Amino acid sequence: MVHLEKYIRSTVQIGEELDDILSYFEPRQVKKDRHLVCEGQIMDVYYFILSGGLRVYFNHEEKEVTAWLSFESDWLVDIACIRTGRPTIYNIHAIEDTEVVSIKAKHMDALYQKYPKWQELGRKLWERAFLEVVEGMIRHQTMSAEERYLHFMQQSDLLQKVPLKQLSSFLGITPSSLSRLRKNIK
């Protein structure tokens, strides 16, 4: 929980209310190659990754499409599921042994009402998430596959552990193209 506390304190100036906020988080371990969430479940929680990495994917035309990869200090949430109550379309799979903490959406909302600093943190999280989506779209539209690959390789050492097929899906290229790309870079 120390990692989460440091993250919160680096994002907002918060006081003694932090102890109350942290009391709502529950730790969870996810072993490598296991699922944290499966398609069809109601995902009514926010997850914060303490260590490890998770791959978020969905099934499309009998193929797994990697939507994003998340690592230490990232938040994961299916806001559509939380706001509509519909089951999630996503699967969340551990790339390696991963530790997360979770907080129920109803508790997150109650804490927003109770603590203005927590609401500030939430706003900053959503602003950052929106920027990541926009920047990702721009990268995908303006960068070559090699440039996208090199950009993501700088983000986390854990990307080296993502299987070729899953990483190529995330980058929007075929596994054989990614294999050639890797060979040419070395």
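Descriptive notes on the structure:
- The residue of the range 38-61 that is nearest to the chain's Cα centre (by Cα), among those that are among the aliphatic types (A, V, I, L, M) and either exposed (fewer than 15 other Cβ atoms within 10 Å of the Cβ) or not in a strand (DSSP E or B) (or both), is Met43.
- Search result, residues across the range 62-91 that are of a type outside the set (Val, Ile, Thr), buried (at least 16 other Cβ atoms within 10 Å of the Cβ) and outside any strand (DSSP E or B): Glu72, Asp74, Asp78, Cys81, Tyr90
- Each residue in the range 153-164 was checked for being without any contact (Cβ under 8 Å) to a residue 24 or more places away in the chain and surrounded by 14 or more Cβ atoms within 10 Å (Cβ to Cβ), and 1 pass.
Here is a yes/no grid of residues against (1) aliphatic (A, V, I, L, M); (2) within 24 Å of Ser10 (Cβ to Cβ):
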| site | (1), (2) |
| --- | --- |
| Cys38 | no, no |
| Phe48 | no, yes |
| His60 | no, no |
| Leu69 | yes, yes |
| Thr98 | no, yes |
| Leu121 | yes, yes |
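- Set side by side, the residues Arg86, Arg182 differ, and just one is modelled with pLDDT of 85 or more and at negative phi, which is Arg86.
- Output for the range 92-128, where each listed residue is open to solvent by 40 Å² or more (accessible area, probe 1.4 Å) and under 15 Å from Phe48 (Cβ atoms): Glu99, Lys104, His107, Lys124, Trp126, Arg128
- Taking (1) open to solvent by less than 70 Å² (accessible area, probe 1.4 Å); (2) more than 23 Å from Ile49 (Cα to Cα); (3) of a type in the set (Lys, Arg) in turn, Arg180 satisfies each apart from (1).
- Filtered residues of the range 143-162 (kept if modelled with pLDDT under 80 and assigned to a loop (DSSP other than H, G, I, E, B)): Gln155, Ser156
- Considering the range 4-26, the residues that are touching a Leu at 6+ places or on another chain (Cβ under 9 Å) and outside any helix (DSSP H, G or I) include one that is surrounded by the fewest Cβ atoms within 10 Å (Cβ to Cβ), namely Tyr24.
- Any hit, the range 102-112, residues being free of Cβ contacts under 8 Å to residues at least 12 places away in the same chain and of a type in the set (A, V, I, L, M, F, W, C): yes
The values are calculated or read from the model by the stated rules, or taken from the named source; none is laboratory data. Since the structure is predicted, the reported quantities are computational estimates derived from the model, not experimental observations. Heads up, the Cβs are rebuilt from the backbone with ideal geometry, glycines too, and the neighbour counts pull from every protein chain shown. These area figures cover heavy atoms from the full protein model, side chains too; ligands, DNA and RNA do not enter into them. Shrake-Rupley method; radii C 1.70, N 1.55, O 1.52, S 1.80 Å.
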